[in-house]
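Worksheet: one structure, shown below.
The values are calculated or read from the model by the stated rules, or taken from the named source; none is laboratory data. Quantities reported herein were computed from a predicted structural model and do not represent experimental measurements. So basically every Cβ, Gly included, is an ideal-geometry build from the backbone, and we count neighbours across all protein chains shown.
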């Protein structure tokens, strides 16, 4: 039992904006004061402090095949970023892709308690879950890549919608995934033919379907299955100067349906002068504003070292050719692919500067904070440990101006950013970093502090420099237990794995089994992951 | 009692074939259908008797053995944990944790096998794919310094030579197979084209091949005993393939040049992707050596040869690798999991291992176990206990516990040792 008393509470989901409240906790949940023996409860005096729900990250790459490959091939990223073991906590190395235990500690120390793993190939989902078992404190779920799936594309080609729906239901349950992820629909399959897609109506080689059809089908399936989250989309043309146009087109295609467009910064460019691409944040933000069923996260670029890793195979090869940095690629049979390339983002680089300001503009031009979320697409545009810096940029236009003045002159020229005076309030920060993502994920017990919510609570000291404020919360409580104090983990707790298992027609499993034996090199019966082999698992309902 | 169990995985080699049907009688496997000869031997020949652990050759209770192991490790200034490639992910996770708490050095059989492959990957990256992509897409297969016909008996049939796949409906006829090695092997006999290179010249041959792929002028007529015009044909064939795959083995990692050889091949493969699609897959040996790399990396950031002596992970092949630590006598206790270094290490290293107190966790007898202070006869993963093994292409395969054996698992013993030393 625990009481967090007298703090200024920001709980946007429940309409509480900085009012002084007491929060009572019992058995890992927020409860009414009557349910607690207040004499016996541990009391945290939060008077003068800011209280928010634990942070919720809707899009981050923290575990799994690609992430671990990124760790393995970057020893240079680890050196100098070590953390020593303590009596009770494990050692680890950081840099842009921290080891599993350190990932849990660093997120918790920043006040985050729920983090979604943004891309897992179904065939190696077991790996994702095995790594998650070594990520302490955080609750997490895995998004399953489906945008280049052979079975699905065949169903689209043959007009078998119901079969496709049942297949996705089966697959999410089999892989213990949380949501449908779409990465460069069709483009990753074409990369296996040394090609890509560049328009929504381009053909996927060997299947005769288009990226547009894949998006439409998966959006329909998502609604049919009543999944808690929406289709989580990394569109076509990421990083290219045609990306803003095709992003807007994709939103129009899905008009009326719900969808989430991730790391939008990477997909909001147009043609600029010379070879330089330009920010089209204004046009993309307008599209977001006019499609109320869409949510986005920004994937804000942070200057410094990063490791790009996506399921977008052709994109990663382009990155390799452009930067000449070392390159990993992994084509996954019948399903997807992916790659990893280290990156260094510099203010002195005009392209990187445009990327930085595109992200800033998106944050400031999208009107509704409930539909735009804080991410750096960790570790693609920067490590998640830079979230406090991004928050300061959003809350402090003087600081933003100062950074803007330091970026490359070619990027500054004609930029919209200096005209944008908007500053986020603490209430809005609470929305974009916890309440909004939790709502978009369909996590009813996360992102708020109402009765029955998970007792994931972060208490900050309200100092002028918001980067300092958000970097080292005074207290972090996970499931009712104090896990970090003054920015240092004090107790390690296991996190939970959140997954969905939508119902499907048993007959269709027979079809899938038949297909599977042709399409895979592992046995059908060895593909599904039992809930009992996950760490503390929690099934989230559909419908 | 007899029973038939399907889709059993064999953990002998990196193919981790998981389509095996076993017939059991009592606590024995009497038949293993679809398994290769080696796999059949592993599955049907296991020692199913529940044996007690020993301390100095004397049978003791489990608890006493755990106590003895913990006290050896606690008293050591520089303990080494080694092996891990033939145990399950769950045990590997505990082994790294134990190393962290002890401030030990931990190393896997990778360091005497594909360690150089890991170093090459860190230097230049790796363009790879799963084995299903090989079966379904590859029209050109190159085996360089490896001999799967002997080392991975079902590799040809399941993935690389004869199977029919989506884009290879005619099986063998739809594939061109090239072998590069220093001597003819059973693999080279199955190839369409065999390049016999002189011992120790792989690096030079690969360099020339890279130049030819890039269309550069090459001033020599032969390299490593191979004619450049024939290599030019190979370079052209590589660029013209639809999807090429190179498999590489210890012929590259353990010959002169080591990680440089591998780096040259990985660079060649990366560069071929400017013209077509090409992947490389290291031919990993032990059943879960890929998993050992994975677990060490996710917990420590590095794939092998990791020291926790300073309280945090440090990577040092040559410095913290088991052979080097032992040969320099920098280790004063060892815990060996599912491996037999006393039988396979160079003399100086094996000799030192015999001098220091050693703890062995292994389902099977071994030379190392025969001279160890403490021996835990543990369960066979995939037969007596469930678990996971990662195939050579890093696809995780679940292992079944077919029998409810009375033997404890490596994971359980390591858990108890952790409990005792913490």
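Quick notes on this structure:
- In segment B:101-112, residue nearest to the chain's Cα centre (by Cα) [restricted to those that are part of a helix (DSSP H, G or I) and more than 12 Å from chain A (Cβ to nearest Cβ)]: B:109
- Test result for residue A:158, away from every other protein chain (no Cβ under 14 Å) and crowded, with 24+ Cβ neighbours inside 10 Å: no
- Any hit, segment A:19-38, residues being crowded, with 21+ Cβ neighbours inside 10 Å and assigned to a loop (DSSP other than H, G, I, E, B): no
- Of everything listed in (1) away from every other protein chain (no Cβ under 14 Å); (2) over 30 Å from residue B:273 (Cβ atoms), the single unmet condition for residue B:98 is (1).
- Residue identified as farther than 23 Å from residue B:290 by Cβ, touching a residue at least 12 places away in the same chain (Cβ under 8 Å) and surrounded by fewer than 24 Cβ atoms within 10 Å (Cβ to Cβ) among A:133, A:46, A:41: A:41
- For segment B:80-95, the set of residues classified as touching a strand residue (DSSP E or B) at 6+ places or on another chain (Cβ under 6 Å) and assigned to a helix (DSSP H, G or I) consists of B:89, B:90, B:95, listed by residue number.
- Condition broken by residue A:343, with the remaining ones in (1) within 14 Å of chain B (Cβ to nearest Cβ); (2) in contact with a strand residue (DSSP E or B) (Cβ under 7 Å, 6 or more places away or on another chain); (3) surrounded by 24 or more Cβ atoms within 10 Å (Cβ to Cβ) satisfied: (3)
One line per residue, one yes/no per condition, for (1) farther than 30 Å from residue A:343 by Cα; (2) not in a loop (DSSP other than H, G, I, E, B):
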position: A:414; (1), (2): no, no
position: A:424; (1), (2): no, no
position: A:435; (1), (2): yes, yes
position: A:448; (1), (2): yes, no
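- Which numbered condition residue B:305 misses (of (1) at positive phi; (2) crowded, with 24+ Cβ neighbours inside 10 Å; (3) at the interface with another protein chain (Cβ under 8 Å from one of its Cβ atoms); (4) in contact (Cβ under 8 Å) with a residue 40 or more places away in the chain): (3)
- Single condition residue B:45 does not satisfy, out of (1) at pLDDT below 95; (2) within 27 Å of residue B:261 (Cβ to Cβ): (2)
- Residues in segment A:179-191 that are crowded, with 24+ Cβ neighbours inside 10 Å and touching a helix residue (DSSP H, G or I) at 6+ places or on another chain (Cβ under 8 Å): A:179, A:180, A:182, A:184, A:185, A:186, A:187, A:188, A:189, A:191.
- Matching entry among B:317, B:346 (being within 14 Å of another protein chain (Cβ to nearest Cβ) and surrounded by fewer than 22 Cβ atoms within 10 Å (Cβ to Cβ)): B:317
- Of the residues making up segment A:451-490, those that are closer than 18 Å to residue A:26 by Cα and surrounded by fewer than 20 Cβ atoms within 10 Å (Cβ to Cβ) are A:451, A:452, A:481, A:482.
- Residues in segment B:113-140 that are in a helix (DSSP H, G or I) and either closer than 17 Å to residue B:391 by Cβ or out of contact with any helix residue (DSSP H, G or I) (no Cβ under 6 Å at 6 or more places or on another chain) (or both): B:115, B:117, B:118, B:121, B:131, B:132, B:133, B:134, B:135, B:136, B:137.
- Some residue of segment B:21-31 being buried (at least 22 other Cβ atoms within 10 Å of the Cβ) and on the phi > 0 side of the Ramachandran plot: no
- With respect to the conditions (1) buried (at least 24 other Cβ atoms within 10 Å of the Cβ); (2) more than 20 Å from the chain's Cα centre (by Cα); (3) within 14 Å of chain A (Cβ to nearest Cβ), residue B:401 lacks only one, and its number is (1).
- Filter result for residue A:525 (within 14 Å of another protein chain (Cβ to nearest Cβ), out of contact with any helix residue (DSSP H, G or I) (no Cβ under 7 Å at 6 or more places or on another chain) and at pLDDT 95 or above): yes
- Segment B:141-157 - residue that is surrounded by fewer than 24 Cβ atoms within 10 Å (Cβ to Cβ) and part of a helix (DSSP H, G or I) and, of those, farthest from the chain's Cα centre (by Cα): B:157
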